[in-house]
Amino acid sequence: MARQKSEQVRQALLEAAQKLFVEKGYIATTIGSIARAAGTSQSNVYVYFTSKFEIAFAVFDPWLRAKVMELEARVEAQETPEEKLRALIDGLIHGIAADRSGQTLTLVQALATAKAGDEYSPELLIWTMSRIHHMIGTALPASDPTEREALTHSLMLAFDGIALRQNLRRSEIEDSLSVDALYMMVQAIVRRDAGEQCPPLLISTQN
């Protein structure tokens, strides 16, 4: 007979996992340690989750969505295109990719150590990119849709790089330099949309 699920037990497992991921790291955390911290058996964990990988995403998903929505509100509160883009880039790099609480680091380690059978759904990535695309449109409403798409992908690539660097503990490289470099990349579009004479951003249409 299948065990009946309890939302209270599921939440206890997520809270225990989040605490252990931050304290010990994703790799060192085991299903058994999550079960013990939640006050249940290891076998009971599998009633709610198929793997530690699934638990990591169940912990990371609501955190990332909340962070992105906070960032969107901050971007929309800015007055000029420059301020909006700077807030977007700084928030994405400092506030999320380089998060010091260990949330993004958990994601990087989970993806890096994923095994066959660890199912990954791109839904969260697609949602995040759609919100970034929207924020770019808020800052640069007159920009070309193709440019917005390219900027979205560029910012996500930068996000991945900064998140990976967190995993490598490359603290000698200043995150502020990454923000400056990314902002310089979009300044040409800002100036052009303001009416200054700047060539359009070159976008490759080749696959």
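Assorted remarks:
- Positions within the range 12-26 being open to solvent by 80 Å² or more (accessible area, probe 1.4 Å), of a type outside the set (Lys, Arg) and at pLDDT 95 or above, in sequence order: 15
- Of the residues examined, residue 114 is one that is in contact (Cβ under 8 Å) with a residue 12 or more places away in the chain and either open to solvent by less than 50 Å² (accessible area, probe 1.4 Å) or of a type in the set (A, V, I, L, M, F, W, C) (or both).
- Only residues that are closer than 21 Å to residue 179 by Cα and either out of contact with any helix residue (DSSP H, G or I) (no Cβ under 7 Å at 6 or more places or on another chain) or modelled with pLDDT of 95 or more (or both) were counted across the range 57-83, and they come to 16.
- Of the helices (runs of 4 or more DSSP H) that lie entirely inside the range 1-84, those containing 1 or more residues that are among the charged types (D, E, K, R) span 7-24, 31-38, 52-77.
- Within the range 27-56, tally of residues that are touching a helix residue (DSSP H, G or I) at 6+ places or on another chain (Cβ under 7 Å), surrounded by fewer than 16 Cβ atoms within 10 Å (Cβ to Cβ) and of a type in the set (A, V, I, L, M): 1
- Residue identified as within 30 Å of residue 185 (Cα to Cα) and over 16 Å from the mean Cα position of the chain (by Cα) among 68, 75, 45: 75
The values are calculated or read from the model by the stated rules, or taken from the named source; none is laboratory data. Keep in mind that this is a model prediction, so the values were computed, not measured. Neighbour counts are summed over all protein chains in view; Cβ atoms, including those assigned to glycine, are modelled from backbone coordinates with ideal geometry. Areas reflect the complete protein model, heavy atoms only, side chains present, ligands, DNA and RNA absent. Shrake-Rupley method; radii C 1.70, N 1.55, O 1.52, S 1.80 Å.
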